[in-house]
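Bear in mind that the values in this text are calculations on the coordinates, not laboratory data. All figures in this text were calculated on a predicted structure; none of them were measured in a lab. Methodologically, a virtual Cβ is constructed for each residue, glycine included, from the backbone with ideal geometry; neighbour enumeration extends over all protein chains shown.
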Amino acid sequence: MTNDFKFSAVAIGDSNLGKRTEGTNVSISTVVLPSITAPPKLGPVNGKRTSNDTVASFVSEEEFRRMLCRERKRSERSRKHLLLMLVDCKGTTARTTDKPLMEKVAGVVAAVIRETDLAGWFESDSVVGAIFTELGNAEASAAIKTIELKMSAGLHKSFKKDQVDKLQIAFYAFPDSWAGDGTGRSVSAPLYPDLLQEEEKKRTSLLIKRAMDIVGSGAALVVLSPLFLALAAFIKFSSKGPVFFRQPRVSQFGKHFVFLKFRSMKVSTNDTIHKDYVRNFIAGKAAAAPAEGQKATVYKITNDPRVTAIGRFMRRTSLDELPQFWNVFIGEMSLVGPRPPIPYELEAYDVWHRRRLLEVKPGITGLWQVHGRSSTTFDEMVRLDLQYSRTWSPMLDVKILLDTPRAVLTGDGAY
């Protein structure tokens with residue numbers, strides 16, 4: 001059984017443009033298809049399919065979602081937009097005199113799409129999907145308007161007005177904007193059906209991972225509490241300001257949370273230095289600097305004037321990361337996973353970079369931390385994160401956790 005997606009949409013023909021139904025908090029383009037009293041006749045036009053192409057050519061729900069995943073990843077690499085259109089008929093049980101309602105909807109979709117587009121069942125016999133690829137240089141909004149007019153013409157030609165009014169249609173553009181206030185999933189869920197299906201398949205393993213997180217972080221908070229107190233005292237006496245540094249970070253699916261660290265910098269410092277460096281680092285323009293006392297070079301600010309003396313020691317030994325065990329304990333992070341970025345870092349991300357925030361929950365340690373840390377480029381770090389998500393298992397987490405103390409003690413890539 002596949003997951004049902006709720007999505008914000010409007011009834012076709014509804015006069016309230018943009019009025020949404022209840023659903024998940026996703027970024028979405030919705031349209032109202034206007035009533036057309038004399039719709040233009042649909043016919044074969046330059047590679048368009050005709051109405052003779054019916055549901056016989058439609059792929060199954062499983063295959064359609066697989067194609068959507070493939071086209072989304074292709075779009076990541078090509079940087080070309082694609083559109084997903086969903087036509088939902090679950091609001092009505094009406095039947096036409098000659099065919100089931102959804103078959104006639106599918107026939108309209110088949111007449112609208114081009115030979116390069118893909119059509120099938122997003123949900124079997126209830127939601128028709130179409131993937132529009134190769135949009136060229138056209139803006140997504142312009143493409144949506146064109147498709148909207150053709151769908152409106154076809155639907156009003158094939159159905160009575162009361163039937164059309166019960167249909168719902170939604171468009172999702174990829175790459176999506178990840179719009180949202182950070183309190184929920186900022187991605188457009190229907191664009192990522194494969195991720196939720198993976199969650200379902202790995203439910204037992206994910207429960208084991210969460211149990212490991214609770215037990216591991218809880219034990220660390222208790223055992224390391226004397227060290228917490230000692231570090232808090234050093235921080236408080238060495239410089240003015242709070243003991244903890246709180247910063248918004250981005251978790252899985254674009255949700256924001258408050259990230260905890262021991263404060264290693266002076267208060268009221270300007271983050272311009274870090275913003276500029278991060279943009280250059282992500283773009284591959286940051287030069288590697290020689291690491292003090294190490295043969296390797298690091299991709300990190302090595303002489304940051306904002307860092308305090310005790311802060312420099314904590315960073316070298318990763319002791320400033322210890323408060324994140326609380327983030328793990330309450331479920332905002334995991335013991336193992338990609339490092340959560342600062343929101344402004346996403347502005348410099350390439351589309352494929354964002355996948356590191358989709359497939360797994362962020363963590364304190366991970367493949368990147370035990371394989372060079374700051375001695376790797378950003379693209380290499382992302383590839384390690386994606387490798388982790390592809391090969392993840394509870395045993396892999398155990399292996400990484402066992403390798404982490406060695407990485408901390410040697411200080412490879414730390415600064």
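Cross-link check: pairs 90/202; 285/361; 104/160; 104/150 evaluated at a Cα-Cα cut-off of 19 Å; pairs beyond the cut-off: 90/202; 285/361.
Provide the gained length on full extension for the span residue 380 to residue 330, in nm with one decimal, where the gain is 0.36 nm per separating residue minus the Cα-Cα distance. Walk me through the numbers before you get to the answer.
On the way: separation 50, 0.36 × 50 = 18.00 nm, distance 2.98 nm.
Taking residue 380 through residue 330 to full extension adds about 15.0 nm, to one decimal.
Annotation: amide H of residue 331 has no partner in the under-5 Å range at sequence separation 5 or more or interchain, hydrogens built in the peptide plane. In terms of the mean number of neighbouring beta-carbon atoms within 10 Å, the peptides 105-113, 324-332, 395-403, 124-132 order highest first as 105-113, 124-132, 324-332, 395-403. Couplings for segment 257-264, taken from phi via the Karplus curve 6.51 cos²θ - 1.76 cosθ + 1.60 with θ = phi - 60°, read 8, 8, 8, 10, 8, 5, 5, 10 Hz in order; Gly and Pro are left as x. Database remark: amide H of residue 308 closer than 5 angstrom to the amide H of 265, 266 (H placed geometrically; neighbours at sequence offset of 5 or more, or on other chains; Pro and chain starts carry no H).
May I ask you to sort 172, 192, 349 by Cβ crowding, counting other Cβ atoms within 10 Å and putting the fewest first?
Exposure proxy ranking, most exposed first: 349, 192, 172.
Under the simplified labelling scheme, the residue 273-residue 62 pair shows an inter-label distance of 5.6 nm, with each label point 7 Å from Cα along Cα→Cβ. Close amide H contacts of residue 259 (hydrogens built in the peptide plane, cut-off under 5 Å, sequence separation of 5 or more or a different chain): 247, 249. Remark: relative contact order (segment 202-410) = 24 percent; criterion is Cα-Cα distance under 8 angstrom and separation of 6 or more residues.
By the count of neighbouring beta-carbon atoms within 10 Å, fewest first, 312, 72 end up ordered 312, 72. Per-residue 3J(HN,Hα) values for segment 236-253, derived from phi via the Karplus relation 6.51 cos²θ - 1.76 cosθ + 1.60 with θ = phi - 60°, read 5, 7, 8, 7, 6, x, x, 6, 9, 9, 10, 8, x, 10, 9, 9, 4, 6 Hz in sequence order (x marks Gly and Pro). Rg and Dmax of segment 202-410, both derived from C-alpha coordinates alone, stand at 16.8, 47 Å. The label-point distance for residue 387 and residue 78, in a model that sets each label 7 Å from Cα toward Cβ, rounds to 2.9 nm. The simple spin-label model puts a point 7 Å past each Cα toward its Cβ; for residue 309 and residue 115 those points are separated by 7.6 nm. Look at 391, 146 and count the other Cβ atoms within 10 Å of each Cβ; fewest to most, that gives 391, 146.
Residue 215: net charge of surrounding residues, Cβ under 13 Å, Lys/Arg +1, Asp/Glu -1, itself excluded?
Taking every other residue near residue 215 into account, the sum is 0.
Phi-derived couplings, Karplus 6.51 cos²θ - 1.76 cosθ + 1.60 at θ = phi - 60°, listed residue by residue for segment 144-157: 4, 4, 5, 5, 4, 5, 5, 5, 4, 4, x, 5, 6, 6 Hz, with x used for Gly and Pro.
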